[in-house]
Structure formats: C-alpha cells, structure tokens
Amino acid sequence: MIHTTDGFTANLFTPTEEHQMLREQVREFVNNEDMDKQAEEFDQKECLNMELFRKVGEEGWFGITIPEEDGGLGMDATAAVIIHHELSKSDPGFCLAYLAHAMLFVNNFYHSANRAQIEQYLAPTLDGTWVGAMAMTEPNHGTDVLGMTTTAVRDGDTYILNGTKTYITNGPEAHIFVIYAKTGGKISSFVVTRDHPGISTSHHIPKMGMRTSSMSEVIMENCVIPAENLLGEEGGGLTHMMRNLEIERLTLAAMSLGIADRCLDLMVQYGSERIAFGQPINRFGQIQRFIGEDYAILEAMRCLIYNEALNVNPDTNNRVGSDASKLFAAPMAKKIADDCMQVYGGAGYCREFPIERLLRDAKLLEIGGGTLESHQKNISKDLSKMFARQGTLTPSYMK
Ligand SMILES: Cc1cc2nc3c(=O)[nH]c(=O)nc-3n(C[C@H](O)[C@H](O)[C@H](O)COP(=O)(O)OP(=O)(O)OC[C@H]3O[C@@H](n4cnc5c(N)ncnc54)[C@H](O)[C@@H]3O)c2cc1C
C-alpha cells in the first residue's frame, strides 16, 4: 500500500487516482439507478434493460479500454475489472450484457480492425446507440471451437457467410457483430451488421440465470458482406480470438468476485440479525465456519484477479493468469452464494432476497467464456511449455 501526500492510497486494487474515481463513479451509478431493484424486475421479465444500457453508454464505459483519441477512456484491464466487479454486486446479468458489448465486441473489434473500419463502425458502439455481440460458439462446436463449420467464401469484392452460431449474448438486440468463420480452413474474423443481407437472429433462448441479459442464435444464410469487412488478414481470427479471450476471462472472473463480495456482505449482516435459540445465528460455530472460510476465499480471489489484471493487455500473453483467475473465482463465487443461501435458510431460497438470483447467475461463470475443464486443459498445457522454457514456474517478480 502506498500513501501519497494528497491522501490517495494506491494499492493492487486501486493503482491510480483514476481507478479510484472510476470505482466511485460505478458505485454511485449502481446506487442512483437502484440496480438491485431493476435487476429483480428484469430477471422476472428475462430481458435486457435497454434504458440502463444506454445510460452506461453516456458514462463512456463501453470504451473503457479504447484510447482517448478514438473516443474511449484509455484505461487498462484493472479498470475493466473494476467495472465488472462493481456492477456484478447488484446485477451480474446486466454486467454480462455489458461484457458482451464492451469486451467481446468493442475491445475485440478495436484491436483487430483497421483505421477505415474503426472510423466506420466504432462511434455508435461507444455511446450504446448500437448494441454489439461476438459470435464464436456453434451448436456442435463450443469448447472445440477450432472445429467451427461456419464458412466465409470470397466472391469478388464480397465474402459470403454461411453457418449458425449459438448462445450469443446480446444477440436479440445486437446491431453489430464480430463473427468468426473459416476461410479455406483457417479462422478469420469479420465485422457484420444486421443491415447486411442474409443475417438473422433467433428468439431469445431462455436460461437458468443471467436473465437480465438476452441470448440467441445468429444465423447466416448466404450473408453477403463487403470484402473490406474482414478484420486483419485471412486466417488472423485465431489470434484475435485468443487475445480477446484473456480480457474476457479476467472480467468474467471479476463478475464472480462481485457476486462473492455481495454474498459475504449479506451473510455477515444476516448472521448478526437473525435470532435462533435466543441468540444471533453468527454465534453458532457452523455459521462462523461459512463466514470465516468464505472471507478467506474471497480475499484470495480478490488478490488473484487484480494481480493478474496488471498483466492483461493486448500486447502481452497471459492466458495462464486469466484462465487461473476464472478457474478459481467461478466455483468459489458459486460456493459463497450457496453458503449465503444456507445462512439465510428458507428466506434465502425465496425471491424476497437477491441470493437465489446471484446463485443462479454464479453458475454461468463455470461455463461461459470457456468451461472450467477448458481452463484446466489450457493451464496445464501452458505451464508445461513455461517449465520447459524457464526450468521453474516461480513468477519472475518473485526472483
Ligand atoms: C449464458 C451464456 C452466454 C454465452 N455467451 C456467448 C457469446 O456471447 N458468444 C459466444 O460465442 N459464445 C457464448 N456462449 C457459449 C459458451 O462460451 C459455451 O457454452 C462454452 O464455451 C462451452 O461450450 P458448449 O456449451 O458447446 O459445451 P461443450 O463444449 O459441448 O462441453 C460440454 C462438456 O464437455 C466438456 N468438454 C468438452 N471438451 C472437453 C475436453 N477436450 N476435455 C475435457 N472436457 C471437455 C466441457 O468442459 C463441458 O463440461 C455463452 C454460453 C452461455 C451459457
């Protein structure tokens, strides 16, 4: 912890005054917009709160990682973590829609696009006029993403896309998509808008949790787009995908952290208020075990995620760190939400409190953006390579 003369305290979680201001702004937004209340309402309705989404656009947070000269806030992965962490304390589902737009579309598109593409498409996604989405998963190719069968065939000055993507967050509302498709056997990425002929989306696919965001199939039937809508080079899609998956997994881990933070608060509060056998339930050893162990786990999550955030940016390769963050945080958030429900007893199971929603939302983070099993596989592969190269896995900053 570093105390500066003007009273600002720099630490791992709030490295600069800009980060502190951002955290305060997001907290204020969450309070002013009464995000808990709208979460309850939109969870029942099972749709995205578009009015709130546009207000996030007015705050500029869709361009959190985009340089200021291109209309963004020019901040880093820590800033992105702060937004996902704070929003998810109230409404992880809405935060998932934010992630799909700001990380999966805006950040991904910006780092893969050329100047002309940025000038043509970026501005309406920064203010939320257009909702963005990213379409990678297919009905028969999820974890096995490299096996995707969507194709893009060059035809003169156009590409013709054919295939179906599924589980696409923001699909029903989206106007613009980053779409991955095979060109001659290699993965390429494209920017496609709803105005292009041959693209459509299915109805919203109902789901267990994260109900305050929507999800659909994206269907391309002889979808014709200009050849200049190819992002980067043919075959460059794999690099774009792998690069963006790092910030995606890190910010999904930050969502788990937000859920866990909120659940611990709820657990501690209820533990001191609920009376059983003539005393607050937090006097019972079994309740103390939930609170004590979950606090220790939560602090470990916090340190891991914010520490890894320092090493996630478009120019570095930190798949181990982002996968490890999500691999640890997702099941731990689910456990803490479940423990919270146990501490609340019957009340926790009822919709009067946000716990049952947070528990449903927490499960998704073990699946979306890569399953836990895919993280185990990636980490094991990357650590073997690292060990062969360095002869040790001790991080360089510990030497
Ligand atoms: C709410 C939600 C939102 C989503 N949003 C998006 C989005 O915006 N864009 C997008 O492109 N996708 C999105 N997805 C898709 C998501 O990324 C995939 O669901 C995920 O990658 C898993 O793919 P799958 O569902 O096909 O499962 P499968 O790949 O079929 O996996 C089924 C099971 O088999 C296991 N498995 C598979 N292969 C292996 C292996 N080699 N070794 C060990 N175990 C294995 C998996 O871990 C899992 O347990 C979303 C999904 C959900 C549920």
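The values are calculated or read from the model by the stated rules, or taken from the named source; none is laboratory data. Worth saying up front: this structure is predicted, and the values here are computed from it rather than measured. Every residue, glycine as well, gets a Cβ built from its backbone with ideal geometry; the counts of neighbours run over all protein chains shown.
Assorted remarks:
- Number of residues in the stretch 284-298 that are within 30 Å of the chain's Cα centre (by Cα) and not aliphatic (A, V, I, L, M): the value is 5.
- From the list 249, 274, the one residue that fits, being surrounded by fewer than 23 Cβ atoms within 10 Å (Cβ to Cβ) and not assigned by TED's automatic domain parsing to the domain that holds residue 90, is 274.
- Search result, residues across the stretch 119-145 that are among the charged types (D, E, K, R) and away from the ligand (no atom under 16 Å from the Cβ): 119, 127
- Test for residue 18: is it farther than 18 Å from residue 258 by Cα, free of Cβ contacts under 8 Å to residues at least 24 places away in the same chain and acidic (Asp, Glu): no
- Of all residues making up the stretch 200-220, the number that are hydroxyl-bearing (Ser, Thr, Tyr), within 14 Å of the ligand (Cβ to nearest atom) and in a strand (DSSP E or B): 2
- Figure legend. Inter-residue proximity from the stretch 371-388: first residues at positive phi, second residues away from the ligand (no atom under 16 Å from the Cβ) and of a type in the set (S, T, N, Q), beta-carbon distance below 7 Å, spacing 6+ or different chains. No pairs are indicated.
- Residue count, the stretch 173-192 (criterion: away from the ligand (no atom under 14 Å from the Cβ) and either over 22 Å from the mean Cα position of the chain (by Cα) or not assigned by TED's automatic domain parsing to the domain that holds residue 152 (or both)): 6
- When the stretch 165-199 is filtered for residues that are basic (Lys, Arg), buried (at least 22 other Cβ atoms within 10 Å of the Cβ) and part of a loop (DSSP other than H, G, I, E, B), nothing remains.
- Scan of the stretch 146-172 for residues that are more than 12 Å from the ligand (Cβ to nearest atom) and touching a Phe, Trp or Tyr at 6+ places or on another chain (Cβ under 9 Å), ordered by number: 152, 153, 159, 161
So that you can scan it fast, the table gives a plain yes or no per residue for (1) more than 21 Å from the chain's Cα centre (by Cα); (2) among the β-branched types (Val, Ile, Thr); (3) buried (at least 24 other Cβ atoms within 10 Å of the Cβ); (4) not in a helix (DSSP H, G or I):
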site	(1), (2), (3), (4)
96	no, no, yes, no
99	no, no, yes, no
102	no, no, yes, no
107	no, no, yes, no
118	yes, yes, no, no
125	no, yes, yes, no
128	no, no, no, yes
134	no, no, yes, yes
159	yes, no, yes, yes
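- Screening the stretch 11-69 for helices (runs of 4 or more DSSP H) wholly inside it with 2 or more residues that are among the polar types (S, T, N, Q) returns the ranges 17-32, 35-45.
- So residue 313, is it within 19 Å of the chain's Cα centre (by Cα), without any contact (Cβ under 8 Å) to a residue 60 or more places away in the chain and under 23 Å from residue 250 (Cβ atoms): no
- Of the helices (runs of 4 or more DSSP H) entirely within the stretch 317-372, those holding at least 2 residues that are within 16 Å of the ligand (Cβ to nearest atom) occupy 319-344, 355-364.
- Some residue of the stretch 385-393 being in a helix (DSSP H, G or I), buried (at least 16 other Cβ atoms within 10 Å of the Cβ) and at pLDDT 95 or above: no
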